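Before any comments, here is the structure.
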Amino acid sequence: MRIVVLSGAGISAESGIRTFRDAGGLWEGHRIEDVATPEAWQRNPDMVLDFYNQRRLNLLQSHPNAAHLALAELEKTHEVHIITQNVDDLHERAGSTKILHLHGELMYARSSGETGFRLRLDDGLMHAGMRCPDGFPLRPDIVWFGEPVPMMDEAIYLTSKADALLIVGTSLEVYPAAGLLNFAPHGCGIWLVDPNRHQEKSAQGIRCIAEPASSGVPKAIAEIKEFYGKAGTHS
Ligand code: APR
């Protein structure tokens, strides 16, 4: 049985990482156009670097929570693929192994020349003027607004092969990621864990667990196991 997880900022909220669109979220204090677009990078790289340096330092002080850990544990008995919009590495640190980062990875910088060169930022900091061996300037390994999402085809393929889809902690406001649930095949059960945005989704036949991820994800996993056990699907 293949379980596909689509995670967003809410799964890391209890680890101390701010979401984007909740009250007090990151986009309240920063304008997307100033820090998360290719134009911002051209116009004011220092402001962009400072924004992601702060995010990295915050991440280095954070730890996976019970939701990340429950998904890693699930890999011991099921095929689990995580498609995450998050740029943090908390799924990796929890022990999950099949993770697709739709929006890049915060702990990496990459060549702005699209040469494939990537560098892990162990101390969390990027400085103005950093270059890579290929001569191009290094940029944060983040998929900014207005840029293509290179992993999208693979994400669509994985979702189209899911037996169960578990959506956790995303407002489903950002495309193309938010459109992924439309690729779930007929008969695929869909679960949503989110303390806030569930009413509109339950009307669409999605099973909603209106709780924070740390308690909601273990509940959703138990429901998925029970549902497919009863449906006779082997794991
Ligand atoms: N557990 C589960 N969900 C939570 C929790 C929690 N403890 N706290 C908040 N949430 C939910 C909120 O109710 C909201 O629906 O997490 C969701 C967070 O939504 P967003 O802030 O919009 O984050 P996300 O959906 O991941 O954003 C998508 O937008 O700015 C970009 O690139 C950024 O990847 C990001 C994308």
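The values are calculated or read from the model by the stated rules, or taken from the named source; none is laboratory data. This is a predicted model, so every value here is computed, not measured. Ideal geometry is used to build each Cβ from the backbone, glycine not excepted, and the neighbour counts take in all protein chains shown. Side chains included, ligands, DNA and RNA excluded: accessible areas come from the protein's heavy atoms. Shrake-Rupley method; radii C 1.70, N 1.55, O 1.52, S 1.80 Å.
Apart from one condition, GLU28 fits all of (1) within 11 Å of the ligand (Cβ to nearest atom); (2) of a type in the set (D, E, K, R); (3) surrounded by fewer than 17 Cβ atoms within 10 Å (Cβ to Cβ); (4) modelled with pLDDT of 95 or more; the exception is (4).
Within the span defined as region 49-64, one or more residues are among the charged types (D, E, K, R), open to solvent by 10 Å² or more (accessible area, probe 1.4 Å), closer than 30 Å to LEU158 by Cα and not in a loop (DSSP other than H, G, I, E, B). Got at least one residue in region 34-50 being within 13 Å of the ligand (Cβ to nearest atom) and within 19 Å of LEU166 (Cα to Cα)? No, because not a single residue in region 34-50 is within 13 Å of the ligand (Cβ to nearest atom) and within 19 Å of LEU166 (Cα to Cα). For region 143-231, no helices (runs of 4 or more DSSP H) sit wholly inside it while including 2 or more residues that are open to solvent by 40 Å² or more (accessible area, probe 1.4 Å) and under 13 Å from SER7 (Cβ atoms). Taking ASP141 as the residue in question, decide whether it is within 23 Å of HIS63 (Cα to Cα), among the charged types (D, E, K, R) and within 12 Å of the ligand (Cβ to nearest atom). Criteria not met by ASP141. All of GLU79, GLU33, GLU92 fail the test of being of a type in the set (D, E, K, R), open to solvent by 50 Å² or more (accessible area, probe 1.4 Å) and in contact with a Lys or Arg (Cβ under 8 Å, 6 or more places away or on another chain), apart from GLU79.
Of the residues making up region 162-178, those that are within 14 Å of the chain's Cα centre (by Cα), at negative phi and either away from the ligand (no atom under 12 Å from the Cβ) or of a type in the set (A, V, I, L, M, F, W, C) (or both) are LEU166, ILE167, VAL168, VAL174, ALA177, ALA178.
Apart from one condition, THR84 fits all of (1) modelled with pLDDT of 95 or more; (2) within 11 Å of the ligand (Cβ to nearest atom); (3) open to solvent by 20 Å² or more (accessible area, probe 1.4 Å); the exception is (3). Just one of the listed residues (THR159, THR115) is away from the ligand (no atom under 12 Å from the Cβ) and in the same structural domain as GLU75 (by TED's automatic domain parsing), and it is THR159.
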